[in-house]
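Structure, as structure tokens:
The values are calculated or read from the model by the stated rules, or taken from the named source; none is laboratory data. Everything numeric here is computed off the predicted structure, so don't read it as measured data. Neighbour counts run over all protein chains shown; Cβ positions are idealised from the backbone, glycine included. For the accessible areas, the whole protein counts, side chains as well, though only heavy atoms, and no ligand, DNA or RNA atoms are used. Shrake-Rupley method; radii C 1.70, N 1.55, O 1.52, S 1.80 Å.
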Amino acid sequence: MTYATANNQHMGWRAPVNESRDVFMVRVGLRDVLVRRHVLRRAVDACELLGNLPGVKPKVAKAARRTLPNPYTFISSDLKDAGHAKLNPGLFSDAARQAWTTAHTDALELLRALSLGETWALRFVLTPGAGGDK
């Protein structure tokens, strides 16, 4: 699998060969990143749980949202932005703390343990219609 981030030449022969649908590498520009499918699926649910906390949940109407609820301020498609996968500061606000449960703690631990490839893949699976069914 490859994802071009510029006019990269020869991406096909540089891309790692994947023999599994459950754990695979993706060539993103000049980087090879790891994606574990079972972890990514759990991360989508964790993103929704944390993204709907008070202080994190966007005030934009559901129909106008570009992504499903998530606790990130930005997820980069080309991994060139230093702010990639930065957690929303509202996640640590008093409003969020009042609604916090052990499920939120587990979700946050899961998201903090994601690989760079998994946070990159969230950019696509959190886009309505792009990832298909969970």
Identified option (computed Rg and Dmax of the Cα atoms in Å; candidates (i) 19.1, 56; (ii) 15.6, 48; (iii) 15.8, 51)
(iii)
Calculated FRET value between residue 102 and residue 21, using beta carbons and R₀ = 22 Å, to 0.05:
0.10
Give me the aspartates and glutamates in straight-line cross-link reach of residue 57: C-alpha distance below 12 Å, same-chain residues under 8 apart excluded.
48
Take every Cα pair under 8 Å in the chain that's 6+ residues apart, average their separations, divide by the length, and report that relative contact order as a whole percent.
25 percent
Phi to ³J(HN,Hα) by Karplus 6.51 cos²θ - 1.76 cosθ + 1.60 over the range 71-80, Hz, x for Gly, Pro:
x, 9, 7, 6, 10, 7, 7, 10, 6, 9
Going by accessible area, probe 1.4 Å, with all protein chains left in place, what is the ranking of 120, 100, largest first?
100, 120
If I model a spin label at residue 14 and residue 48 as a point 7 Å from the Cα along the Cα→Cβ vector, what separation in nanometres do I get?
3.7 nm
Regarding the range 36-101, what whole-number volume in Å³ per residue does the convex hull of its Cα atoms give?
106 Å³
Between helix 102-112 and the chain, what is the angle of the helix's C-alpha long axis to the longest principal axis, kept within 0 to 90° and rounded to the nearest 10?
30 degrees
Report the extension gain between residue 31 and residue 74 in nm, rounded to one decimal, defined as 0.36 nm multiplied by the number of residues separating them, less their alpha carbon distance.
13.5 nm
